[in-house]
Amino acid sequence: MPRFFVDPGAVGSDTITVTEGDYNHIRNVLRMRIGEAITVCDGQGTEYACTVDSYGERECILRIAERIPSTVELPVAITLCQGLPKKDKMELIIQKAVELGVVRVVPVMCERTIVKLEDPKKEARKVERFGAIAEAAAKQSGRGIVPEVTHPINWKQAVNDAKARGDILLVPYENALGMRATTDAFAEAIRASGVSIFIGPEGGLTREEVSYAERSGAKIISLGRRILRTETAGITVLSALMLRIEEANEADI
């Protein structure tokens, strides 16, 4: 069934108004007829089972049949703080991170980041593109929210922001020794309200960056004896953590 996200302001007591690109997609691409079923999310965790009620010149009116609280969101708010990689790797990372349940992706400018975003207009266009990828991935994976993709910030800002949110900070690092620390960190993370995962860029994190995170309370963990690419490391942590959170949540039901 087609699935769309709308601004909460578009949701009325009995109807939802769809405009702009989604209106065009519903009417001219999908060619949905009056009475056909469609699912709409308000981006805040509520889904609406609807039918197409009518078309205007620039809007589509959907009739709400049922309001359904989303059950797909993880009970732990996960943020991925990703060292900005080269080329289009960030797009893949955002797509997979959204599928795996993050609520936020933070592009991070690290000491070894090769990409330079010095033009505000280019940065704004890139962030807009990242947001569109996050929304498409949220639709495809049945998410109840559209995860946020922020503007790039530096390493210290990312660490400080995560600490201010009260998150548990996890920093995979190739020089970390042993898997026991990883197991213990995951056991704590699955019961937390928020977790921030920090991944370095292609050149990895510097010892100074790791030390700053460690002094801020971060847990330095290992992902095994192999060195993973930046686009693999985040997906690895998110996959392992997501499965453990789902398992713990299922046991609590």
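Filtering the range 153-167 down to residues that are within 17 Å of the chain's Cα centre (by Cα) and buried (at least 21 other Cβ atoms within 10 Å of the Cβ), which residue is nearest to Ile94 (Cα to Cα)?
Checking each candidate, the answer is Ala158.
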If a residue has to be in contact with a strand residue (DSSP E or B) (Cβ under 8 Å, 6 or more places away or on another chain), assigned to a helix (DSSP H, G or I) and of a type in the set (A, V, I, L, M) to count, how many in the range 134-182 make the cut? 6
Of residues in the range 96-118 being under 15 Å from Glu148 (Cβ atoms) and not in a loop (DSSP other than H, G, I, E, B), the one farthest from the chain's Cα centre (by Cα): Val108
Quickly run through the range 110-124 and pick out the residues that are under 17 Å from Gln157 (Cα atoms) and in contact with an Asp or Glu (Cβ under 7 Å, 6 or more places away or on another chain). Cys110, Glu111, Leu117
Pull up the range 70-97, narrow it to residues that are of a type in the set (Val, Ile, Thr) and over 12 Å from Gly234 (Cβ atoms), then point me to the one that is surrounded by the most Cβ atoms within 10 Å (Cβ to Cβ). Val76
Taking the range 112-128 and the residues there that are in contact with a strand residue (DSSP E or B) (Cβ under 9 Å, 6 or more places away or on another chain) and surrounded by 12 or more Cβ atoms within 10 Å (Cβ to Cβ), the one that is nearest to Gly204 (Cα to Cα) would be Arg112
Does any residue in the range 213-229 that is in contact (Cβ under 8 Å) with a residue 24 or more places away in the chain come within less than 6 Å, Cβ to Cβ, of a residue that is of a type in the set (Asp, Glu) six or more places away or on a different chain, and which pairs are these? Ile220/Glu214; Ile227/Glu174
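Just give me the residues in the range 198-212 being without any contact (Cβ under 8 Å) to a residue 40 or more places away in the chain and surrounded by fewer than 17 Cβ atoms within 10 Å (Cβ to Cβ), in sequence order.
The first filter runs over the range 198-212 and keeps only residues without any contact (Cβ under 8 Å) to a residue 40 or more places away in the chain, leaving 207, 210-211.
Result: Arg207, Ser211.
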In contact with a helix residue (DSSP H, G or I) (Cβ under 6 Å, 6 or more places away or on another chain), within 24 Å of Ile94 (Cβ to Cβ) and touching a residue at least 24 places away in the same chain (Cβ under 8 Å): does that describe Val195? yes
Pairing a residue in the range 117-130 that is under 14 Å from Pro107 (Cβ atoms) with any residue that is modelled with pLDDT of 90 or more, where Cβ atoms lie under 6 Å and the two sit 6 or more apart in sequence or on different chains, gives Leu117/Pro152; Val127/His151; Phe130/Ile94; Phe130/Val149
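The values are calculated or read from the model by the stated rules, or taken from the named source; none is laboratory data. Computed from a predicted structure; not experimentally measured. Please note: Cβ atoms are built from the backbone with ideal geometry, for glycine as well, and neighbour counts cover all protein chains shown.
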